[in-house]
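Enquirer: One structure, pasted below without further comment.
The values are calculated or read from the model by the stated rules, or taken from the named source; none is laboratory data. All values reported here derive from a predicted model rather than from experimental measurement. As a convention, Cβ positions derive from the backbone with ideal geometry for all residues, glycine included, and neighbour counts pool all protein chains shown. For the accessible areas, the whole protein counts, side chains as well, though only heavy atoms, and no ligand, DNA or RNA atoms are used. Shrake-Rupley method; radii C 1.70, N 1.55, O 1.52, S 1.80 Å.
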Amino acid sequence: MKTLALLGAALVCWGHVGSPNVFFEGMAGPYPVHVVIRPPVVIPGLAQIAIRLDKNDARRARVSVQPMQWDAGPEGAPPPDVAEPVRGDRTLFSAQLWLMTANSYQIRVRVAGAHGDGTAIVPLSTAATHRLPMRSATALLLVGLGALLFAGVLTIIGASIRESTLAPGDAPGAQHRRRARLVTVLTAVLLALALVGGRRWWTSIDSAYRGTLYHPYQIDATAHLEGPLRVLDLRFTDPRWRGRDWTPLVPDHGKIMHLFLIRQPGLDVFAHLHPVPAGPGQEDNFRTALPPLPAGNYRLYADITQLSGFSETVTAAIALPAPPPASAPFEVIPSSLAPDPDDSLRLAPPLAVRPQVVAAVSPLDGGLTMTWEKSLQPRTAGRELMLRFAVRTPDGQPVSLEPYMGMPAHAVILRDDGNVFIHLHPMGTISMSAQRLLARPVRRLLVPNSPFWRPDLRLAERNAALQKIAGTVPESAAAGPGEMEMGMAMNAPPAAAPAGEVSFPYEFPQPGRYRLWVQVKSAGQVITGVFDTAVGRQ
């Protein structure tokens, strides 16, 4: 089969596309917390943080927040900021944090109350994404003030040269006026040169800032036949890959990469796959065998997490022809391309041109159904929701759900134009691996002999190393009390959902048409519900 070239430009965002806010639902020690972080679009900038507690815990609670860069540690962190109660809502606390550099942060949310102290870690990957324009009215005002200042300086200089040497009451002569005019002209020339130099300086500063704006890694996506298989190759070709700011990849939910392939424009084909490096040390080239995806144009989204805790979503576009004929019985599939047991594929009718605000029930295999609970709840951009789903048998009984890659459920939300994509879980939008890494000092791992830098390290070994970092596997050298407390708080689950139900905290960032895929596991099988909705403006 002819290799298929990349159709669209790659885009990279940190764990999302067009959905910048971070949601976390979990525990801070004994306290259930719901945290929303609205990161700044410019760096340095202010992050807005909201923390909601249970009404009984909030009565006498003291809440603080503290940002820690992954490579600075506690000694390089500013002191905690107190989160103030929000007037009119006894359960809600808010704070603002200055984030001075683009980096991977842990936001430590500390709650002190009747049951003692507890801390939750919320990973936050920050980068400057915008250059804020100056408003026209402000620009005109500044130009006017500048012109007034320019004229004022010339007037003062001219008057001082013309009259400063005269005796009181004497009128300036022709020689004084000529000298004043000459000095005024020279001053105007010098001021004009200073303005030109200032403009060049400002342009250079602006250009340097533009260079710091987060922009995508360049990737190539190709598909080709390899024996009986149709194989997808993802190659990072950007010179920054493995550069100064790059750190090795770590598995999240046991996978080094989560790849979502979605057919355009109908969003009627959805595949959740897990590519692996092409070989030891080849983390710039990922491969996976494709399931029988129908022909068409696809947009792909690949979630990765670096050792620094920085989580990203890489996206590209690719065209796929029809799948090859079924392989003959004697053809052997290479073990490196064997299907991952957690891979899944879901076909559905295309997204409607005018989706209903309510698309409440999705039929599943075996007569099961998935229902979007409280589906009459209005959906408007910028309004936080708790998305709740229930899986039922044909007679209405709850289905027993199993963990799916370490989570009760996974959900993917995509706007029809691809400008909004999010992969979230019941604990929110964060990467679980990033949370584990940031809970412990990871700088000690950034040495050549670290297992994360070994090119021959297998995924199972990385998983084991990551679990040790998180404190979920006993270590020969016990961690300090603070680290153990942090690990316990970090791994504590939020309140259990009713049987057969899952929920996700989220906020649709933009109005438009959306499709949701909700994935759970039951009886060893991954099942995927599909829902459509229209999101209005605020």
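Enquirer: If you scan the range 200-226, which residues turn out to be assigned to a loop (DSSP other than H, G, I, E, B), open to solvent by less than 60 Å² (accessible area, probe 1.4 Å) and not hydroxyl-bearing (Ser, Thr, Tyr)?
Expert: 213, 216, listed by residue number.
Enquirer: Condition first: hydroxyl-bearing (Ser, Thr, Tyr), open to solvent by less than 90 Å² (accessible area, probe 1.4 Å) and either assigned to a loop (DSSP other than H, G, I, E, B) or touching a helix residue (DSSP H, G or I) at 6+ places or on another chain (Cβ under 8 Å) (or both). Now tell me which residues in the range 151-183 satisfy that.
Expert: Within the range 151-183, just 164 meets the criteria.
Enquirer: Filter the range 390-404 down to the residues that are crowded, with 19+ Cβ neighbours inside 10 Å and farther than 11 Å from residue 500 by Cα and list them by number.
Expert: 404
Enquirer: To continue, here is another question. Checking residue 326 against (1) out of contact with any Pro (no Cβ under 7 Å at 6 or more places or on another chain); (2) modelled with pLDDT under 75; (3) more than 26 Å from residue 528 (Cβ to Cβ): exactly one of these is not met. Which one?
Expert: Every condition holds for residue 326 apart from (3).
Enquirer: Condition first: open to solvent by 30 Å² or more (accessible area, probe 1.4 Å), in a strand (DSSP E or B) and in contact (Cβ under 8 Å) with a residue 12 or more places away in the chain. Can you find one or more residues in the range 117-140 that meet it?
Expert: yes
Enquirer: Right, something else. So, residue 312, is that one within 30 Å of residue 101 (Cα to Cα), open to solvent by less than 20 Å² (accessible area, probe 1.4 Å) and at pLDDT below 80 or not?
Expert: Spelling it out, it is not the case that residue 312 is within 30 Å of residue 101 (Cα to Cα), open to solvent by less than 20 Å² (accessible area, probe 1.4 Å) and at pLDDT below 80.
Enquirer: Can you tell me which condition residue 114 does not meet? The list is (1) open to solvent by less than 10 Å² (accessible area, probe 1.4 Å); (2) modelled with pLDDT under 90; (3) hydrophobic (A, V, I, L, M, F, W, C); (4) under 28 Å from residue 58 (Cα atoms), and all the others hold.
Expert: For residue 114, the exception is condition (1).
Enquirer: Any idea which residue in the range 251-292 is modelled with the lowest pLDDT, counting only those that are among the hydrophobic types (A, V, I, L, M, F, W, C) and assigned to a loop (DSSP other than H, G, I, E, B)?
Expert: In this case the residue turns out to be 278.
Enquirer: Moving to a separate point now. On the basis of being touching a His at 6+ places or on another chain (Cβ under 9 Å) and among the aliphatic types (A, V, I, L, M), does residue 304 make the cut?
Expert: yes
Enquirer: Here is a follow-up. Of (1) among the small types (Gly, Ala, Ser); (2) at pLDDT 90 or above; (3) crowded, with 18+ Cβ neighbours inside 10 Å; (4) out of contact with any Pro (no Cβ under 7 Å at 6 or more places or on another chain), residue 409 satisfies all except one. Which?
Expert: Condition (4) is where residue 409 drops out.
Enquirer: Under 7 Å between Cβ atoms, at least 6 apart or on separate chains: pull out the pairs that start in the range 105-116 with a residue that is farther than 27 Å from residue 309 by Cα and end on any residue that is acidic (Asp, Glu) and not in a strand (DSSP E or B).
Expert: Filtered contacts from the range 105-116: 113/57.
Enquirer: Starting from the range 45-66, take each residue that is within 14 Å of residue 91 (Cα to Cα) and list its partners that are part of a loop (DSSP other than H, G, I, E, B) and open to solvent by 20 Å² or more (accessible area, probe 1.4 Å), counting only C-beta distances under 7 angstrom and pairs at least six apart or across chains.
Expert: 60/114
Enquirer: A further question on this structure: Kindly provide the set of residues from the range 236-270 that are buried (at least 17 other Cβ atoms within 10 Å of the Cβ) and basic (Lys, Arg), ordered by number.
Expert: 255, 263
Enquirer: Taking residue 227 and the conditions (1) within 30 Å of residue 43 (Cα to Cα); (2) out of contact with any Phe, Trp or Tyr (no Cβ under 7 Å at 6 or more places or on another chain), which numbered condition does it fall short on, given that it satisfies the others?
Expert: (1)
Enquirer: Quick one: what pairs do we get from the range 381-395, first residue assigned to a loop (DSSP other than H, G, I, E, B), second open to solvent by 90 Å² or more (accessible area, probe 1.4 Å), C-beta under 8 Å, 6+ apart or different chains?
Expert: The qualifying pairs are 381/537; 381/538; 382/538; 383/538.
Enquirer: Within the range 68-102, how many residues are touching a residue at least 60 places away in the same chain (Cβ under 8 Å) and either of a type in the set (Val, Ile, Thr) or in a loop (DSSP other than H, G, I, E, B) (or both)?
Expert: 4
Enquirer: If you don't mind, another one. Which count do you get for residues in the range 64-86 that are more than 21 Å from residue 118 (Cα to Cα) and either of a type in the set (A, V, I, L, M) or at pLDDT 90 or above (or both)?
Expert: Matching residues across the range 64-86 total 1.
Enquirer: In the range 185-199, which residues are open to solvent by 80 Å² or more (accessible area, probe 1.4 Å) and either in contact (Cβ under 8 Å) with a residue 60 or more places away in the chain or within 51 Å of the chain's Cα centre (by Cα) (or both)?
Expert: Of everything in the range 185-199, those that are open to solvent by 80 Å² or more (accessible area, probe 1.4 Å) and either in contact (Cβ under 8 Å) with a residue 60 or more places away in the chain or within 51 Å of the chain's Cα centre (by Cα) (or both) turn out to be 190, 193, 195, 199.
For every residue, the table says whether it meets (1) of a type in the set (Ser, Thr, Tyr); (2) open to solvent by less than 40 Å² (accessible area, probe 1.4 Å); (3) closer than 15 Å to residue 501 by Cβ; (4) modelled with pLDDT under 90.
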residue	(1), (2), (3), (4)
357	no, no, no, yes
383	no, no, no, yes
387	no, yes, yes, no
421	no, yes, no, no
430	no, yes, no, yes
439	no, yes, no, yes
